[in-house]
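Single-structure report; data block below.
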Amino acid sequence: MPIPGSGLAKGLAVTLRTMTKRSHTAQYPDVQPELPPRTRGVIGLFEENCTVCMLCARECPDWCIYIDSHKETIPAAAPGGRERSRNVLDRFAIDFSLCMYCGICIEVCPFDALFWSPEFEYAETDILELTHERDKLREWMWTVPAPPALDPAAEEPKEIAAARKAVEKAEAAAAAAAVAAAAAADTTPADPGPAPGHDPGTPETPAGGTA
C-alpha cells in the first residue's frame, strides 16, 4: 500500500526544485525563438510544381484550400501533331482560420508543391485577413528550411545512381575517343623532307641528260 501523504510529498518536492531554479524569460520579439526544424508554422507554396490536380483541396478535412484554374491549349510541337491542353493556376489560397495544421495537403501532394515553413508571425486583427493568397504563400516558401542530410550509410537514390552512371559512361566514351585520336595521330607517316645534299631551289637533272 502507498504511504499516506506520499503524493503530497512528491508534489512539494517538485515545487521546491522549481523554486530553487532561476526563471528564464524569453525576450520575444527582440530575440526570436529557436524553433525545431519540423515546426508546423505555415504552409508555403512552390507554384511552379503545382499542376492543379486538386488533391490537396479534396483531401483537406476543413475544406480551407481554395483553388481556381483555367485550361490553355498548347500548339503542336511538330506539323501534323496533336494539340495539348494544360491547367493554369489562377488562385491558390489557404484560410488559416480554419486550418488545423494536420499536414494532409502536404503529404498527398504528388509534385512537392506544398511545404511546412516555421514562420508563425501572421496574426491578424480581422479573421477575414487570415485567408492568404498564393503571393503570400510563395513568400513563405523561401523560409522553408533545407531538408536534413541523408544518412551516410543509406542506399544511394536510384535517380542519382542512374545520373552518375550516365555521366561516368559519357566520360569513359570521351576518354576512349581522345586515346583513339592520339593513337591515330602517332601512326600517321611524317613528311620525309628533301634528300640529303639536295638543294630545293635547284631543279633536278634527269638521268643521262643535261640540265
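Tabulated results
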item	result
Segment 137-155: number of residues that are touching a strand residue (DSSP E or B) at 6+ places or on another chain (Cβ under 9 Å) and open to solvent by less than 80 Å² (accessible area, probe 1.4 Å)	7
Test result for Ala195, at pLDDT 80 or above, among the hydrophobic types (A, V, I, L, M, F, W, C) and either open to solvent by less than 90 Å² (accessible area, probe 1.4 Å) or assigned to a loop (DSSP other than H, G, I, E, B) (or both)	no
Test: residue in segment 117-131 that is in a loop (DSSP other than H, G, I, E, B), loosely packed, with under 14 Cβ neighbours inside 10 Å, in contact with a Leu (Cβ under 7 Å, 6 or more places away or on another chain) and free of Cβ contacts under 8 Å to residues at least 40 places away in the same chain	yes
Residue match in segment 149-159 (condition: outside any loop (DSSP other than H, G, I, E, B) and at pLDDT 85 or above)	no
Single residue of Val52, Val31 found to be in contact with a Ser or Thr (Cβ under 6 Å, 6 or more places away or on another chain) and part of a loop (DSSP other than H, G, I, E, B)	Val52
Options Ser23, Ser69: the member that is open to solvent by less than 70 Å² (accessible area, probe 1.4 Å), free of Cβ contacts under 8 Å to residues at least 40 places away in the same chain and hydroxyl-bearing (Ser, Thr, Tyr)	Ser69
Conditions (1) under 22 Å from Ala93 (Cα atoms); (2) open to solvent by less than 90 Å² (accessible area, probe 1.4 Å): number failed by Pro29	(1)
Contacts under 8 angstrom Cβ, first residue in segment 82-109 being in a loop (DSSP other than H, G, I, E, B), partner aliphatic (A, V, I, L, M) and open to solvent by 60 Å² or more (accessible area, probe 1.4 Å), 6 or more apart	Ser97/Ile127
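The values are calculated or read from the model by the stated rules, or taken from the named source; none is laboratory data. Keep in mind that this is a model prediction, so the values were computed, not measured. Please note: Cβ atoms are built from the backbone with ideal geometry, for glycine as well, and neighbour counts cover all protein chains shown. The protein model used for the area step is the full one, side chains on, heavy atoms only, and it has no ligands, DNA or RNA in it. Shrake-Rupley method; radii C 1.70, N 1.55, O 1.52, S 1.80 Å.
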